[in-house]
1. For the range 1-27, enumerate the residues that are of a type in the set (Val, Ile, Thr) and either exposed (fewer than 10 other Cβ atoms within 10 Å of the Cβ) or part of a helix (DSSP H, G or I) (or both).
2. Under 8 Å by Cβ, and 6 or more places apart or on different chains, what pairs join a residue from the range 18-42 that is free of Cβ contacts under 8 Å to residues at least 12 places away in the same chain and of a type outside the set (Asp, Glu) with one that is part of a strand (DSSP E or B) and surrounded by 10 or more Cβ atoms within 10 Å (Cβ to Cβ)?
3. So which residues in the range 28-42 are of a type outside the set (Lys, Arg) and in a loop (DSSP other than H, G, I, E, B)?
4. It is to be established whether one or more residues within the range 30-39 are in contact with a Ser or Thr (Cβ under 8 Å, 6 or more places away or on another chain) and either loosely packed, with under 10 Cβ neighbours inside 10 Å or among the small types (Gly, Ala, Ser) (or both).
5. Out of the range 22-31, which residues are of a type in the set (A, V, I, L, M) and over 26 Å from residue 12 (Cα atoms)?
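What follows is calculated from the coordinates using simple rules that are stated; it is not laboratory data. Bear in mind the structure is a predicted one, so any value in this text is a computation, not a measurement. Don't worry about glycine lacking a Cβ; one is built from the backbone with ideal geometry, like all the others, and counts go over all protein chains shown.
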Amino acid sequence: MAILATLSVRLARLDYQVPQQDLTISLRRIPAHPRSGFVLTP
């Protein structure tokens, strides 16, 4: 629990950007998720 608490605080303070990506979701695939995933760049 202590590691999770520490990690959540560090992730909340992380400075990141979301580059242009294809977020369309195909409902024919299980599990349904964005085509390009979800990309974060620090």
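1. At the first step, the residues of the range 1-27 found to be of a type in the set (Val, Ile, Thr) are 3, 6, 9, 18, 24-25.
Those that are of a type in the set (Val, Ile, Thr) and either exposed (fewer than 10 other Cβ atoms within 10 Å of the Cβ) or part of a helix (DSSP H, G or I) (or both): 3, 6, 9, 24.
2. That search, which allows pairs on different chains as well, returns 24/34; 25/34; 32/25; 33/25.
3. Looking only at the range 28-42, we keep the residues that are of a type outside the set (Lys, Arg), and these are 30-34, 36-42.
Listed by number, the residues that qualify are 30, 31, 32, 33, 36, 37, 38, 39, 40, 42.
4. Residues of the range 30-39 in contact with a Ser or Thr (Cβ under 8 Å, 6 or more places away or on another chain): 32, 34-35.
Add one more test, that the residue is either loosely packed, with under 10 Cβ neighbours inside 10 Å or among the small types (Gly, Ala, Ser) (or both), and what stays is 32.
Yes: one or more hits.
5. Here is the first cut: in the range 22-31, the ones of a type in the set (A, V, I, L, M) are 23, 25, 27, 30.
Correct list: 25, 27, 30.
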